[in-house]
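Participant: Supplied in C-alpha cells, the structure appears directly below.
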C-alpha cells in the first residue's frame, strides 16, 4: 500500500491493547497530506481486552493504561463499534471491500497446550480460562473451578503465573474492595488451597516474571515462599559465566535470594 496524499479507511478487529496501539500508530502517522479514518470492531460490549479481563484485580494500577486508550478514542478520526462479531455480524470480505486496510488484532483466545499426560483431566485449566474467570469475562463465567483440594500447581514462570499463584494464595478478604468477579470471590473464600507449587520449565535465571511480581508473594498475609537454594546457587554460577547480564535478570535473582 502506498501512503501518498490520501485519506485511508482503516478497520481494526479487536479492541484490546494491540488494537488501540495500532490505532495510535495510525493517528501519529498522519500529516498534512495523509489522514486515516479509523473504525474499531469489538465482539464484546466493552473494549480494552486483557486490560479489562487479564489484569489481576489486586493490581489496579496496571489498568491505568486505559487512560491512553480513552485519549485515542476521543480523537475525531476514531469510532468504536462494540457487540459486532466478525464472521457473524459482518464478514472479512465485506470489510476488505469497504476499507483500505484491515487489521486483525484479536489476540489468542485459547491457552497453549503443554502436551503432557493428564492435561485433559478435570480441573486442569489454562490461565487463558482461569484469569478471565476471576475477572468476570462473560465467556468464562461458567468455567468449572474446583478449589476443594489443599494443593494447586501453576506451570509457568511469567507474570501471569505469578498472578495466578497470588490469587490462589491471597486472603480473599483482601479482594473485597477490588473488581474481582463475584462468582470467583465466593469460590476463593471457600477455597481449601494451602500450598501453591510453581513449576518453571528451566532454571531461575530463565524465569520471565519480574522481581516486583515475585516480591508481592511473601507480602501476602499468612504466606511463606520457599525456593530451592541449590537452584539459586546454580543460577548465580550460570550468570557469572555470561558475557552480559541484563539488569532485570540480576533483580530477579536478588529477589529470589531474599
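The values are calculated or read from the model by the stated rules, or taken from the named source; none is laboratory data. Everything quoted here is computed from the prediction, not taken from an experiment. Using ideal geometry, Cβ is built from the backbone for each residue, glycine included, and neighbour counts are taken over all protein chains shown.
Participant: Test residue 57 against the stated conditions and say whether it is at pLDDT 95 or above and in a loop (DSSP other than H, G, I, E, B).
Facilitator: Here the answer is no, as residue 57 does not meet what is asked.
Participant: From 38, 116, 72, which residue is assigned to a strand (DSSP E or B) and farther than 26 Å from residue 180 by Cα?
Facilitator: 38
Participant: Looking only at segment 95-129, how many residues end up being at pLDDT 95 or above and surrounded by fewer than 12 Cβ atoms within 10 Å (Cβ to Cβ)?
Facilitator: Within segment 95-129, residues that are at pLDDT 95 or above and surrounded by fewer than 12 Cβ atoms within 10 Å (Cβ to Cβ) number 1.
Participant: Quick check on this structure: which one of 170, 90, 72 is modelled with pLDDT of 95 or more, in the same structural domain as residue 210 (by TED's automatic domain parsing) and surrounded by 12 or more Cβ atoms within 10 Å (Cβ to Cβ)? Give the steps one after another, and end with the answer.
Facilitator: Details: 90 fails: in the same structural domain as residue 210 (by TED's automatic domain parsing); 72 fails: in the same structural domain as residue 210 (by TED's automatic domain parsing).
Result of the check over 170, 90, 72: 170.
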